[in-house]
1. Do we have Ile640 as at pLDDT 80 or above and touching a Lys or Arg at 6+ places or on another chain (Cβ under 9 Å) here?
2. If you take the residues in the stretch 55-98 that are acidic (Asp, Glu) and in contact with an Asp or Glu (Cβ under 9 Å, 6 or more places away or on another chain), which one is farthest from Glu38 (Cα to Cα)?
3. Would you tally the residues in the stretch 106-135 being of a type in the set (Lys, Arg) and not in a helix (DSSP H, G or I)?
4. Being among the aromatic types (Phe, Trp, Tyr), at pLDDT 85 or above and not in a loop (DSSP other than H, G, I, E, B) narrows it down to one residue among Phe226, Phe204, Phe251; which is it?
5. Within the stretch 327-349, is there a residue that is small (Gly, Ala, Ser), within 24 Å of Gln491 (Cβ to Cβ) and either open to solvent by 80 Å² or more (accessible area, probe 1.4 Å) or in a loop (DSSP other than H, G, I, E, B) (or both)?
6. Output the number of residues of the stretch 543-557 satisfying the condition of being surrounded by 12 or more Cβ atoms within 10 Å (Cβ to Cβ) and modelled with pLDDT of 75 or more.
7. For the stretch 505-517, give me the residue count where each residue is surrounded by fewer than 19 Cβ atoms within 10 Å (Cβ to Cβ) and assigned to a helix (DSSP H, G or I).
8. Residues that are in contact (Cβ under 8 Å) with a residue 12 or more places away in the chain and of a type in the set (S, T, N, Q): does the stretch 377-384 have at least one?
Amino acid sequence: MSDSKPLAIVHNFSAAFEQMCSIMAIGKTRNREDVIAELVLHCLVFLSSEKFTSAAEIMGAIDCLLGIRIQEHEIQFALEKMIEEQSVVTNSDCIFSVPTVLRKEIQQAIDETHSLDEQIREDWENEVFQKYSKLDFNKLWKVLRIYLARAFQRHGIQAVALLDPSIEIPKDYSESLSSILDSVINQEFEKDSRVNAKLAVSEFMATTGNHSKRAKYISQLADGAFNYYSLTIDPQTALNFKQNLNPLDLFFDTNFLFGILDITVNPQVAVSNELLSAIKKYNLPFRLYSHQKTITELSISIDNYAAYLSEKQWSRQISRAAANSRYLSGVELRYHQRFAEEGIDVESFFRPYRHSDVILKKKGIIPYNPQDNRLEERSELIEEYRDYLELVNKGKSYEQIDHDMTVLDVVRQKRTNVKSSLEAGALLITCDYTLYKFDWETSKEKGICACTVLPNIFWQILRPFIPSDVGFDKSFAETFAIPEFRIFGSQASTACSKMLNILAGYKNFPEETAKKLLSNDLLIEALKSTPDDRKFQSLVEEEIVKENVILLDEKEEILAIYENEKKEKGDAKNKLNKQIELNIQMKEKIEIQKKEKEREQKLRKEYVDSFQQRILVAESSKEKAESQVRLFKSITLSIILVVLFEFLIYKFNFIWLINHQKTIGVQGLVDCLLVISSFAIFFPNQRKILLISALIPAIIGVFTII
């Protein structure tokens with residue numbers, strides 16, 4: 001590396017992790033200058049209240065905010081370029097700022113990623129509450145965040161180390177994901193909650209592919225970690241890689257091929273076919289190989305699994321219990337899943353895989369059979385690997401060791417003497433973390449490039465060359481799922497398989513009991529270190545007895561609860577019957593009261609009708625009497641008025657009327673008017689008719705006078 005572009009210094013990844021999604025939300029980058037420019041923009045937007053006037057101040061902010069120290073002149077170079085492109089502007093006081101439109105775009109992207117973080121937390125909290133309601137979710141979320149920070153720190157360092165093997169990888173960053181998770185959980189949770197806490201986080205990671213938001217979240221974190229640590233490698237090395245992907249011979253380990261055949265269950269190999277599809281779809285310059293020993297080991301493993309599984313007559317309940325085990329090997333787990341779902345027999349399950357070499361050829365994987373044996377060199381390598389396995393307390397058979405070292409030796413021989421492992425010409429892709437660590441540690445000691453790579457590291461390297469989409473993010477995210485001890489030939493897997501074999505020997509063994517035994521961490525740990533078959537069976541039987549005692553206690557407790565509930569139900573029934581009787585009596589009483597009320601209402605109605613009738617009769621009699629009185633008064637008044645009229649005529653000697661030739665007619669008409677008027681006074685209802693009828697004699701009188 002040239003002196004003009006010194007490496008960045010990383011000293012606080014945790015600080016960067018809190019901003020990782022925000023950084024990646026601004027945009028994906030492909031070179032060192034772009035990463036630095038994005039970091040400068042992030043600081044100017046995120047710390048908008050600060051007044052930055054120099055590259056030194058921004059350098060200090062990046063150091064404080066993200067835990068990485070970048071050289072001042074590199075930031076100055078980035079600022080000058082961005083000012084020229086007008087993505088950064090200065091005012092009269094020389095204060096740097098981001099133009100409003102770009103700032104809003106960046107802030108919106110940052111807000112969206114923070115919103116994504118909150119949505120993922122909320123969704124996961126609902127899942128945890130339904131399955132692990134007793135766990136403190138705030139602690140669990142803290143565990144997940146710490147675990148992700150450490151996991152992606154490890155991932156970022158390992159990914160950039162593939163580009164530049166001269167990078168020193170601290171021992172802490174080489175531990176397995178399971179070990180990382182265990183240490184974090186042990187710090188935050190009490191002993192009785194640790195198992196469920198680990199299950200909850202493991203399930204979160206293992207199901208990332210089923211949630212598009214989680215897949216996006218995990219992919220962003222991985223990209224952020226990779227870009228973060230890419231600042232620490234030789235810029236020219238990174239630039240050469242970004243601009244040109246060199247041809248590579250890829251050798252696939254047995255565990256990876258199991259994933260391609262879809263015969264196993266393991267998050268690391270679940271994306272095997274996705275990798276092959278990506279290589280073919282985007283025409284990446286890779287040749288795919290499987291060593292002849294790998295194909296042989298694959299066939300032998302399939303035959304061994306088939307023979308082993310055929311030894312027992314499996315029941316659906318045992319297979320359902322096995323399908324929930326965290327320790328069972330991937331092939332056995334896959335078979336029990338299929339058997340529990342479809343009832344498929346062992347031979348039918350393994351028949352499609354008897355000619356695995358033909359399947360691999362169809363997928364473009366070429367068998368590789370070197371001519372030189374290199375027995376002496378491989379023998380030294382085998383001894384070196386056996387010593388390493390003993391040191392790290394990992395058990396493998398001689399055949400497995402011989403296979404691993406044969407393939408590793410072949411890949412090392414094909415490797416050229418260059419600085420970057422990705423330019424060395426050959427790589428071995430394996431899911432075996434022990435083999436991966438052995439190669440990297442011994443290669444470092446010998447001063448040569450390592451040539452093994454884990455699937456998630458390889459996918460990270462390929463991301464700049466593959467357009468991102470939902471499917472790719474999903475596959476990429478799945479590579480970060482916790483292995484959960486499902487490694488071919490592991491002691492935990494062997495112990496779990498032997499115990500399952502014992503349980504299958506019992507007729508109608510309870511499914512729930514089998515689930516508890518197969519997920520018992522303490523029991524599995526004890527069985528791992530028990531090579532003696534009698535002792536092994538004794539431990540299993542002791543645990544079965546314990547479970548039976550627990551079941552008996554639970555049964556007695558359930559019976560007591562049942563009897564109590566039965567008694568309560570009996571009391572409730574008696575109470576209900578009494579209540580029913582009271583209700584019947586009340587109903588009958590209500591019916592009687594109803595009938596009495598109806599009878600009273602009927603009598604009341606009859607009385608009212610009778611009373612009203614009497615009133616009508618009385619009113620009718622009254623009206624008749626009043627009518628007679630009015631008639632008498634009318635007649636009396638009429639007589640008086642007529643007599644008075646006649647008297648007045650002759651008394652005052654109305655000559656005109658007396659001497660009129662029709663005096664009798666005129667007087668008669670006046671008398672009629674007086675009679676009608678008298679009746680009109682006492683009969684108001686007929687007054688209108690009477691007055692109208694009075695017009696007749698009046699008109700006649702007028703004509704008579706005329």
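The values are calculated or read from the model by the stated rules, or taken from the named source; none is laboratory data. Note that the structure is a prediction, hence the values are computed from the model and not measured. A quick note on method: Cβ atoms are made from the backbone with ideal geometry, for glycine too, and the neighbour counts reach across all protein chains shown. The accessibility values were calculated without ligands, DNA or RNA, using every heavy atom of the protein model including side chains. Shrake-Rupley method; radii C 1.70, N 1.55, O 1.52, S 1.80 Å.
1. So Ile640 fails the test.
2. Glu57
3. So in the stretch 106-135, the residues of a type in the set (Lys, Arg) come out as 121, 131, 134.
Then keep just the ones that are not in a helix (DSSP H, G or I); that gives 134.
Number of matching residues: 1.
4. On the way: Phe226 fails: at pLDDT 85 or above; Phe204 fails: at pLDDT 85 or above.
Among Phe226, Phe204, Phe251, only Phe251 is among the aromatic types (Phe, Trp, Tyr), at pLDDT 85 or above and not in a loop (DSSP other than H, G, I, E, B).
5. In the first step, residues of the stretch 327-349 are kept if they are small (Gly, Ala, Ser); the result is 329-330, 340, 343, 348.
So of that shortlist, the ones also within 24 Å of Gln491 (Cβ to Cβ) come out as 329-330.
Narrowing the set further to residues that are either open to solvent by 80 Å² or more (accessible area, probe 1.4 Å) or in a loop (DSSP other than H, G, I, E, B) (or both) leaves 329.
Yes, the stretch 327-349 has at least one match.
6. Total meeting the criteria: 5.
7. Of all residues in the stretch 505-517, those surrounded by fewer than 19 Cβ atoms within 10 Å (Cβ to Cβ) come to 505-512, 515-516.
Subset that is assigned to a helix (DSSP H, G or I): 511-512, 515-516.
Within the stretch 505-517, residues that are surrounded by fewer than 19 Cβ atoms within 10 Å (Cβ to Cβ) and assigned to a helix (DSSP H, G or I) number 4.
8. The initial filter retains those residues of the stretch 377-384 that are in contact (Cβ under 8 Å) with a residue 12 or more places away in the chain, namely 377-378, 381-382, 384.
Applying the additional criterion that residues be of a type in the set (S, T, N, Q) yields none.
Looking through the stretch 377-384, none of the residues is in contact (Cβ under 8 Å) with a residue 12 or more places away in the chain and of a type in the set (S, T, N, Q).
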